[in-house]
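These notes are about the structure you will find just below.
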Ligand code: BG6
């Protein structure tokens, strides 16, 4: 089935930090793909802004280079690239100075009614100063909206300050807080699976589900992001946002519709129902780890401290958590989360483990009866598998086998999987906030995360070390095995 492309209304997209890593790796390629698909109205413009003194031409050269680097050759026809580049122009402006802002205002002045998107692909310290300049220079129109990336704060207090600052210029319905995990195809499919099928929802509760596992494992290490990562760590970098969002989508009540606030209200209730971690429960419910040298992604790699060039960092590169949700649907169903750098393999998945059958009618020679698992794979090999027991085919008595009912999206639909940013950018232009985080959600996540950070900071224990290329510290295995369960490593 061909994918449906609906052209957006014309827009002006102003990208702050347009020469940075995010813009080069994600935003420029995503906009190019959408342009090539015919989704960008012909008049739409992309204006790069930063302190750098570029010209329109040098910005286009940079964008051409980033397409060469990040878009496969077969998806990059020269004609389409050149057409896309004509949309790009450059204005130099500094968040801390007045120079440049009026020039930007003049660039935009010829289309005052047009949708205006300000994308802040900058260091988070600049979010508020940029919003203030936009306001002060009269750049914020009725059709304007602002997009911010994580991290929004480093704690509840700092997140509130950032949200306040942005909120002084942009009302909440104009603020788009990106969590790129929400733009991933399979994450959307989780909603389709739950709410477009009658099959799962009656079973989606503590009566039928034994536990849920969410794993986001990476093989990469610091990737030249030491400055940011060492002050963040895995809990802030992955759990506060991406992983809690995944947990919310699994655990939320069916929203009344997919309208932004309907979905966000339900996610918020989940965040508010998470049982807080205390200094007393910290050891039993949390594990933090830091990688040592080892082998990962096919080669020998340095340990975290060596990569960092310091030996005193206690920043965690791995975290595992056992989370309880205090509500009727989930009481007694633990959610186990783990995420780390330099792990054995790159995989992100959600495992919904159903309860075992209450009684077996089979004789022992039929073999063991495994519980049903629903595995939602975000990456790689996006898809959904439902592991079921069936009879071993052929004669010879009743022997049972555990096999997956397999829906691998890439194979089944044979389409290029669009990057999350393609969907999210177009949602901003369309004015759809469903896949973006509302202020209260971000703050509720921090309310739950802060006590863990505080308990870790107060504890004398350093993060547990783990060898690169493994599944993290043994304490992570103990965290789940204490409960008589194991992390999913065999089923895909
Ligand atoms: C980012 C984190 O938000 O997500 C990175 O800051 C991480 O540390 C990345 O590597 C993972 O994203 P993805 O889409 O590659 O799973």
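Quick note: the coordinates plus some simple rules give every number you see, no bench work behind them. All values derive from a computational prediction rather than experimental measurement. In this analysis, Cβ positions are derived from the backbone assuming ideal geometry, glycine residues included, and neighbour counts consider all displayed protein chains.
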Alpha carbon centroid spacing (whole Å) that separates the stretch 229-250 from the stretch 435-487: 9 Å
Cα radius of gyration and Dmax for the chain (Å): 24.0, 83
Alpha carbon centroid spacing (whole Å) that separates the stretch 40-83 from the stretch 203-226: 35 Å
Exposure proxy order (Cβ contacts within 10 Å, fewest to most) of 311, 9, 210: 311, 9, 210
Cα gyration tensor shape of the stretch 142-194, rounded if a/c is under 1.5, else prolate or oblate by comparing a/b with b/c: oblate
Mean Cα-pair separation over length for the stretch 245-318, i.e. relative contact order, pairs under 8 Å, 6 or more apart, %: 21 percent
222 nm mean residue ellipticity, helices alone, for the chain (DSSP H n ≥ 4; -39,500 (n - 2.57); rounded to 500): -9000 deg cm²/dmol
The chain: angle of helix 260-273 to the longest principal axis, Cα-based, in degrees nearest 10: 50 degrees
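Among 71-84, 26-39, 238-251, what's the highest-first ranking by average C-beta atoms within 10 angstrom per residue?
Descending packing order for the listed peptides: 238-251, 26-39, 71-84.
Could you rank the peptides 476-488, 278-290 by their average count of other C-beta atoms within 10 Å per residue, with the highest value first? Don't jump to the answer; show the numbers that get you there.
Numbers: 476-488: 15.5, 278-290: 18.8.
Descending mean neighbour count gives 278-290, 476-488.
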Rel. contact order, % - alpha carbon contacts under 8 angstrom, at least six apart, the stretch 108-173: 39 percent
Extension gain (nm, one decimal) between residue 92 and residue 297, 0.36 nm per residue minus Cα-Cα: 69.8 nm
Packing-based order for 296-304, 228-236, 387-395, 180-188, using average beta carbon neighbours within 10 Å, highest first: 180-188, 228-236, 296-304, 387-395
Ranked 257, 50, 474, criterion: other C-beta atoms within 10 Å, fewest first: 257, 474, 50
Percent RCO, i.e. relative contact order, over the chain, from Cα pairs under 8 Å lying at least 6 residues apart: 17 percent
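Fewest Cβ neighbours within 10 Å first, please rank 149, 173 accordingly.
Starting with the residue having the fewest Cβ neighbours, the order is 173, 149.
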Between helix 439-458 and the chain: long-axis angle, C-alpha atoms, 0 to 90°, nearest 10: 60 degrees
Using alpha-carbon coordinates, inclination of helix 156-167 to the longest axis of the chain, degrees: 40 degrees
